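What follows is a short report on a single structure.
Bear in mind that the values in this text are calculations on the coordinates, not laboratory data. Just so you know, these numbers come straight off a predicted model, no measurement behind them. Here the Cβ positions follow ideal geometry from the backbone for every residue, glycine too, while neighbour counts run over all protein chains shown.
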Amino acid sequence: MKEKKAIIVGAGLVGSLWAIYLSKAGYTVDIYELRDDIRKVDISAGKSINLALSYRGWKALDNVGIGDEIRKIALPMFGRIMHDKKGAITYQAYGKEDQAIYSVSRGDLNAKMMDLAESFENTSIHYNHKCIDANLNKGIVYFENTKTKKRIERNATVVFGTDGAFSAIRIKAMQKTYRFQYSQHYIEDGYREILLPANKDGSYKLDKKALHIWPRGRFMLIALPNEDGSFTCTLFMPHKNNKNSFENLKTKDQINDFFKNEFLDFYKMIPEIAEIWGNHPLSPLAIIRCYPWAVGKAVLMGDAAHATVPFYGQGMNSGFEDCTVMEELRKKYNEDWEAIFDVFQKQQKPNGDAIQDLSLHNYHVMRDFVGDTKFLLQKKIEAEFSKKHPDKWLPLYSQVSFSDIPYAKALQVGKQQNKIMKEVMQLDNIETIWDSEEVTAYILKRL
């Protein structure tokens, strides 16, 4: 029988997970990673906000039998808690009573995924290897060891590019192919992380079972819990050209004044904010679209194919879903990779585009509307109607986070739902009749 060999470029979350799938399918898997082994160096959050694992991610992990290992390092968040400028809070559940998304540290998760991948004898991770070129049709990838400068050539039955938004295999090889389409769009906003430490006794300063949001219209602060009692907080804000922008937060006085004016309750928990401001870098946010995702014996997965902004918490989940779909197709087409890749990209490209659109939309929702009383009432009406007629209405957030309905379909259904809800919110006395049969009948007529 012909040896089954796979090269994976990038040992991040998607690359490590896909290596486990391939190892179980009998492939000899070699992963080439640009960075050092993150398990042997000081893992800091760096430029990465905490991740939110939801249904699609758990499905991919459980399908390959590692979900329970990851649950050991994940914390459930059952809803959002919104903090207004006066410190008053409002709670909004994400889904049904038992539904949650899970906060997990990217560094801890990546380290665990690497451990699990390397637990298979037929999987090896090669660190400090930079992809410098590839012959996609022949399945050959060229690497340079960043420490020794030695160059090597490796070939495999099939090659997977899982090396992130600025994928080397895409840039060095795929983008040079005939009629390859590519776009890179930076949004106006960037982000900076802030670590909110635990109390001296190790307890949490905020409710650990929720994602916290300080919505301020054109900018926002969020906080996700960590296992050690701390919170990873992230400020999203314009880089410049705005009164409240990163370019206007240069001195300690400017930083302190900003947090006192906009996030006073947060500032009281971390009055040393100006001192730790520079601990994490200011980072940009980009959406990357490309097509085709597959050329010859190589294919892109995860951020390499469809990098998005983090406002729906679906970047990792959509990458993990790529693994679920690829595995289903591998079995269906009996490892005919040409056929698998063709179906994979045609099926997943519309979903990649859709989650990018949804992520941008959810940024406006999070920063502009989640603290708005009318918005919160609308969500209550949707939840009530969905409870009465679960076969007719699943809220958009639940479609995205608590199901595997294709993102493209969720986006389409969500637009129709939003149109109906705009009409509902215009009904006379909606604040008092929101849970009445009258409103239920009105929605039913418009479905």
(request) Enter the per residue convex hull volume of region 372-446, computed from alpha-carbon coordinates, in Å³ rounded to the nearest integer. (result) 89 Å³
(request) Using only Cα atoms, figure out Rg for region 58-210 and give it as a multiple of 2.2 N^0.38 Å. (result) 1.45
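With the convex hull built on the Cα atoms of region 288-424, state its orientation-averaged projected area in nm².
Across all orientations, region 288-424 yields a mean hull projection of 8.9 nm².
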(request) Please go through the residue pairs K172/K331; K176/K346; K86/K208 and name each one whose alpha carbons sit more than 24 Å apart in this structure. (result) K172/K331
(message) Once you keep just the Cα pairs under 8 angstrom separated by 6 or more residues, what percentage relative contact order results for region 372-446?
(response) 31 percent
(message) Could you tell me what a quarter of the Cα convex hull surface of the chain works out to, in nm² with one decimal place?
(response) 23.6 nm²
(message) Positive end of the dipole of the chain, charges at C-beta (+1 Lys, Arg; -1 Asp, Glu), about the Cα centre: which of A294, Q412, F385 has its Cα farthest in that direction?
(response) A294
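With Kirkwood's inverse mean 1/r over C-alpha pairs for Rh, give me the Rg to Rh ratio of region 192-324, two decimals please.
Dividing the radius of gyration by the Kirkwood radius yields 1.06.
Which of the GluC sites (Glu not before Pro) found in region 29-121 are loop residues per DSSP with 13 or fewer other Cβ atoms within 10 Å of their Cβ?
Details: sites: E33, E69, E97, E118, E121; in loops: E33, E97, E121.
When the GluC sites (Glu not before Pro) of region 29-121 are filtered for loop state and at most 13 Cβ neighbours within 10 Å, E97, E121 remain.
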(message) Can you bin every Cα-Cα distance in region 5-88 into 10 Å intervals starting at zero and give me the percent of pairs per bin, rounded to whole numbers?
(response) 13, 35, 34, 12, 6, 2
(message) As I understand it, the dipole of the chain uses +1 on the Cβ of Lys and Arg and -1 on the Cβ of Asp and Glu, about the Cα centre. Which of I70, Y94, Q254 lies farthest toward its positive end?
(response) Q254
(message) Can you give me the long-range amide H partners of T123? Hydrogens built in the peptide plane at 1.01 Å from N, cutoff under 5 Å, separation of 5 or more residues or another chain.
(response) V29
(message) Once you keep just the Cα pairs under 8 angstrom separated by 6 or more residues, what percentage relative contact order results for the chain?
(response) 18 percent
(message) Distance between the C-alpha centers of region 1-26 and region 91-129? Whole Å please.
(response) 16 Å
(request) Write out the GluC sites (Glu not before Pro) in region 235-286 meeting two conditions: DSSP loop, and at most 13 other Cβ atoms within 10 Å of their Cβ. (result) E272
(request) Taking the Cα atoms of region 297-366, report the difference between the largest and smallest coordinate on each principal axis, in whole Å and largest first. (result) 44, 15, 15
(request) Arrange the following residues from fewest to most other Cβ atoms within 10 Å of their Cβ: F160, F246, F311. (result) F246, F311, F160
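Where the only charges are on Cβ atoms (+1 Lys, Arg; -1 Asp, Glu), what is the dipole of the chain about its Cα centre, to the nearest 20 debye?
On the way: 62 positive and 57 negative charges, 200 e Å.
Once rounded to the nearest 20, the dipole reads 960 debye.
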(message) Below 8 Å, C-alpha to C-alpha, sequence gap of six or more: please give me the relative contact order for region 126-259 in percent.
(response) 15 percent
